[in-house]
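Handing you this structure, nothing more for now.
The values are calculated or read from the model by the stated rules, or taken from the named source; none is laboratory data. Because the structure is predicted, anything quoted here is derived from the model rather than measured. A quick note on method: Cβ atoms are made from the backbone with ideal geometry, for glycine too, and the neighbour counts reach across all protein chains shown. What goes into the accessible areas is simple: the full protein's heavy atoms, side chains included, and nothing from ligands, DNA or RNA. Shrake-Rupley method; radii C 1.70, N 1.55, O 1.52, S 1.80 Å.
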Amino acid sequence: MIADKISVRAKNIKPSSTLAVNKKAAEMIAAGEKVINLSVGEPDFDTPDFVKQVAIKALNEGFTKYTDSSGIKPLRQAICEKFKRDNNLVYEPDQIVVSCGAKHSLFNIMLAICDDGDEIIIPAPYWVSYPEMVKLAGGKCVICRYNEHFKMDIEHFKSIITKRTKALILNSPSNPTGIVYTRQELEQIAEIACKHGIIVVSDEVYEKLIYDAQKHVSIASLGDEIKKLTVVVNGVSKTYAMTGWRIGYLAAELPLAKAIANIQSQTTSNPTSFVQKAALEAISADQSFIGKMVEEFERRRDYILSNISPLIEYCRPAGAFYLLMKIGNMSSTQLAQKLLEEEKLATVPGDDFGADGFVRISFATDMENIKETVKRLNRFAERIKK
Ligand SMILES: Cc1ncc(COP(=O)(O)O)c(C=O)c1O
């Protein structure tokens, strides 16, 4: 039987719950039901036309062959300039590895740092893929509790560090909460990481989707010592509405960057050639596209926050495009099921994010859907209360 031949490693991996809800919602929509899909994790904007044109031109010019497996040099140079411009971080092109999405970059990092049983600290609530990637790479996930602001409980963080602790995965702005760490909070985390020599994998894919006139701070920018321990991960998916193009990148100290580059060269090789040209254009062209998108996300977030019922408990998002919330007292799966069946709202259960009792909605959908969503959520909360 072929099923018996599947590796323990593969059997231990959970399928993505986001995709499972999407599938059920799609089936209901196909059956003619008016479901609002709030489970998506991508901007509802189109990739800017000037970016598309560059990919088309590259294709027409025959830029369709293998490239340097870590990405073409002009793109790695543009990424270095981006790090300098946006994050005040200086890297050389050899410290950059471009991959097929930030997800791929993160998995490459896990493969490069985890020996069997190495412990990776993941603060809850976390993005669903982190624990699965750690497990696939042979590492052990150690979950850090969250405090009343849905941020890392620092005392708990300190208490779970052991000799086997290899890394911390930090995600600010965060999926699924939208929390953004302040400079002071990052300084505190950096101090602990430096004291114990812990690598910080800083997932900054939502860096530009940030509200209330805040500015994103990369933990790597807080000093030389923490910069050396940090691997910064970013990509074009969320910033430029390019989720399907699959380009992500990382910056690390040279020996680690080289180890990751080796892994990539023996597995996937380069990210798609002509897409790299499009990513280069996105990163180095006029950035005003982003401002318009962020303004719209902020308008939607504000609408939700001003109109959501006080019966609903939630984490106020300061970034990204998600709202993690809880209605009544039931498990995440029960809540997601009830919202889908009774109010035709497709959400993602929070237990896979390490936030039991919560569901995540995404506000990467139009204002009409958002208004209708708030109406249905409030109605549901009233009904549950009775
Ligand atoms: C926190 C976080 N990191 C990384 C990614 C992956 O992004 P990419 O499309 O670049 O692989 C996502 C996508 O949902 C995410 O939410």
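State, to one decimal in nm, how far the label point of GLU341 lies from the label point of TYR66, with both points 7 Å from Cα in the Cβ direction.
Label at GLU341, label at TYR66, 5.4 nm between them.
Trypsin sites (Lys or Arg not before Pro) within the stretch 197-249: which are DSSP loop residues with at most 16 other Cβ atoms inside 10 Å? Show your work: numbers first, answer last.
Details: sites: LYS208, LYS215, LYS227, LYS228, LYS238, ARG246; in loops: LYS208, LYS215, LYS238, ARG246.
Sparse-neighbourhood loop trypsin sites (Lys or Arg not before Pro): LYS215.
Starting at the first residue of the stretch 30-44, write each ³J(HN,Hα) from the Karplus equation 6.51 cos²θ - 1.76 cosθ + 1.60 with θ = phi - 60°, in whole Hz, x for Gly and Pro.
Karplus-based 3J(HN,Hα) across the stretch 30-44 equals 4, 7, x, 7, 8, 8, 9, 8, 10, 9, 6, x, 9, x, 8 Hz.
Follow-up. Would you mind computing, in nm to one decimal, how far apart the modelled labels at ALA30 and ILE192 are, each placed 7 Å from Cα along Cα→Cβ?
4.6 nm
With a probe of 1.4 Å, find how much accessible area the chain has per residue, and write the answer as a whole number in Å².
With the other protein chains kept in place, the chain gives 44 Å² per residue.
Can you tell me the alpha carbon radius of gyration of the stretch 205-268 divided by the globular rule-of-thumb value 2.2 N^0.38 Å?
Ratio of Cα Rg to 2.2 N^0.38 Å: 1.33.
Sticking with this one: May I ask which residue of MET152, THR177, VAL142 lies farthest towards the positive end of the charge dipole of the chain, with charges of +1 (Lys, Arg) and -1 (Asp, Glu) on Cβ and the Cα centre as origin?
Checked the options; the winner is VAL142.
Still on this model: Suppose the Debye formula is applied to equal point scatterers at every Cα of the stretch 307-379; what is log10 I(q)/I(0) at q = 0.12 Å⁻¹?
With no solvent term, the Cα-only Debye profile gives -0.28.
Sticking with this structure for a sec: Of the options GLY235, ILE192, SER332, report the single residue whose Cα projects farthest towards the positive end of the charge dipole of the chain (beta-carbon charges: Lys, Arg +1; Asp, Glu -1).
SER332
Kirkwood hydrodynamic radius, the stretch 65-284, all distinct C-alpha pairs: what's the number in Å?
17.3 Å
Separate question: With charges only on Cβ, +1 for K and R and -1 for D and E, what is the dipole size of the chain about its Cα centre, in debye, rounded to 20?
Once rounded to the nearest 20, the dipole reads 520 debye.
Another one. Just round it to a whole percent: the fraction of Cα-Cα distances in the stretch 184-340 exceeding 21 Å.
The calculated P(r) of the stretch 184-340 puts 62 percent of pairs beyond 21 Å.
Tell me which GluC sites (Glu not before Pro) from the stretch 82-181 have a DSSP coil assignment and no more than 12 other beta carbons within 10 Å of their own.
GLU148
How about the stretch 252-311: which GluC sites (Glu not before Pro) there lie in a loop by DSSP and see at most 16 other Cβ atoms within 10 Å?
Numbers: sites: GLU253, GLU281, GLU295, GLU296, GLU298; in loops: GLU253.
Answer by residue number: GLU253.
Can I ask one more? Could you tell me what percent of the accessible area of the stretch 65-284 is made up of carbon and sulfur, with a 1.4 Å probe and every protein chain present? Provide the component values of the computation, followed by the final result.
Numbers: 4260 of 8440 Å².
Here carbon and sulfur together make up 51 percent of the probe-accessible area.
How large is Rg/Rh for the chain, to two decimals, with Cα atoms and a Kirkwood Rh?
Reported Rg/Rh, Kirkwood definition of Rh: 0.96.
Give me the lysines in straight-line cross-link reach of LYS166: C-alpha distance below 25 Å, same-chain residues under 8 apart excluded.
Result set, ordered by chain and number: LYS11, LYS14, LYS103, LYS135, LYS140, LYS151, LYS158, LYS195, LYS227, LYS228, LYS258.
Using alpha carbons only, how many degrees (0 to 90, rounded to 10) separate the axis of helix 183-196 from the longest principal axis of the chain?
Once rounded, the angle reads 60 degrees.
Something else about it: Please report, as a whole percent, how much of the solvent-accessible surface of the stretch 286-379 comes from carbon and sulfur atoms (probe radius 1.4 Å).
The value for the stretch 286-379 is 45 percent carbon and sulfur by accessible area.
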